[in-house]
1. Looking only at residues in the range 210-225 that are touching a helix residue (DSSP H, G or I) at 6+ places or on another chain (Cβ under 6 Å) and touching a residue at least 60 places away in the same chain (Cβ under 8 Å), which one is farthest from residue 22 (Cα to Cα)?
2. Identify all residues within the range 102-126 that are part of a helix (DSSP H, G or I) and either surrounded by fewer than 23 Cβ atoms within 10 Å (Cβ to Cβ) or on the phi > 0 side of the Ramachandran plot (or both); write none if there are none.
3. Filtering the range 5-28 down to residues that are buried (at least 21 other Cβ atoms within 10 Å of the Cβ) and in contact with a helix residue (DSSP H, G or I) (Cβ under 8 Å, 6 or more places away or on another chain), which residue is farthest from residue 143 (Cα to Cα)?
4. How many residues are touching a residue at least 24 places away in the same chain (Cβ under 8 Å) and outside any helix (DSSP H, G or I) if we restrict to the range 141-165?
5. With (1) in contact with a strand residue (DSSP E or B) (Cβ under 9 Å, 6 or more places away or on another chain); (2) surrounded by fewer than 19 Cβ atoms within 10 Å (Cβ to Cβ) as the list, and residue 92 as the residue in question, which single condition is left unmet?
6. Can you pull out the residues in the range 24-43 that are within 22 Å of the chain's Cα centre (by Cα) and free of Cβ contacts under 8 Å to residues at least 24 places away in the same chain?
7. Among the residues of the range 189-237, which ones are within 30 Å of residue 124 (Cα to Cα), modelled with pLDDT of 95 or more and part of a loop (DSSP other than H, G, I, E, B)?
8. Report whether or not residue 251 is at pLDDT 90 or above, over 19 Å from residue 84 (Cβ atoms) and outside any strand (DSSP E or B).
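The values are calculated or read from the model by the stated rules, or taken from the named source; none is laboratory data. Keep in mind that what you see is a predicted model, and the values were worked out from it rather than measured. Every residue, glycine among them, receives a Cβ derived from its backbone with ideal geometry; neighbour counts consider all protein chains shown.
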């Protein structure tokens, strides 16, 4: 039996994702050894210290190992990837997408109290929360899923926003969870998707990964990343993008927002191909003032 070496971060969620890929490979009689590693982001590096910004710090060590031949496959949360692939690497497979939505987890049942404190570390979530829930206060809430849920339980915030896919992959089912609809919270590009990356010239590994590829999920990811690339959104910007299959192609929804939620630009377009729909959405966003909004978000 062929055995592939899978590189991943050491976090509980990253290991769960790698194990998910291991199980998928086993269905096709391919073995896998999981190789946990530490990225510069895990060691405290910041976006300004990496040429690919915030997203680059979470994958750099893994890609070095892939380039050196120390691993055969890198498994990423697709939303952690920069908008462009590194030279020599390809996303060989995207398994079927998990739930892409964000969820609001409240400390107590019922409606949010007036002036509720909601925790998140993402500018995208902050902006949409402030626009969708007038009167709330958004606090910076960092750490892994367990840490954020503990801080919520201890009363540091009244509610927290997390990705549904991460909770499901960890087998965590908090009480008082409300999915946030697309009209309120457009997810991050690639949210819910796993990206299986390998060397572009490694035909054998690409062949082993091909059966894991879910064409519709891969097409959606391509569209969302293309919008991010066209807008220069490789860092942690208030940009949401979500593509879904429709008859004859893809429908792509995107949002760009001023971090304080005072201005939100929403676009929805359809086209036959990922690049086609991304081009339409990016043009509409730019025509609507996206570059000005993103420049505000980039200001220190």
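1. Taking the range 210-225 as the starting set, the residues that turn out to be touching a helix residue (DSSP H, G or I) at 6+ places or on another chain (Cβ under 6 Å) are 212, 219, 221-223.
Then drop every residue that is not touching a residue at least 60 places away in the same chain (Cβ under 8 Å), which leaves 212, 221.
On the way: 212: 11, 221: 21 Å.
Step by step, filter the range 210-225, then rank; the result is 221.
2. Residues of the range 102-126 that are part of a helix (DSSP H, G or I), as a first pass: 123-126.
Passing the criteria: 123, 126.
3. Going residue by residue through the range 5-28, those that are buried (at least 21 other Cβ atoms within 10 Å of the Cβ) are 6-9, 14, 17-18, 21, 25.
Cutting the leftovers down to in contact with a helix residue (DSSP H, G or I) (Cβ under 8 Å, 6 or more places away or on another chain) gives us 6-9, 17, 21, 25.
Values: 6: 24, 7: 22, 8: 18, 9: 15, 17: 18, 21: 24, 25: 30 Å.
The selected residue is 25.
4. Of all residues in the range 141-165, those touching a residue at least 24 places away in the same chain (Cβ under 8 Å) come to 144-146, 148-149, 151-153, 155-165.
This time we only want the ones that are outside any helix (DSSP H, G or I), so: 144, 155-163.
Qualifying residue count, the range 141-165: 10.
5. Answer for residue 92: the failing condition is (2).
6. Selection gives 40, 41, 43.
7. Matches in the range 189-237: 189, 190, 191, 192, 193, 213, 214.
8. Details: at pLDDT 90 or above: yes; over 19 Å from residue 84 (Cβ atoms): yes; outside any strand (DSSP E or B): no.
No, not satisfied.
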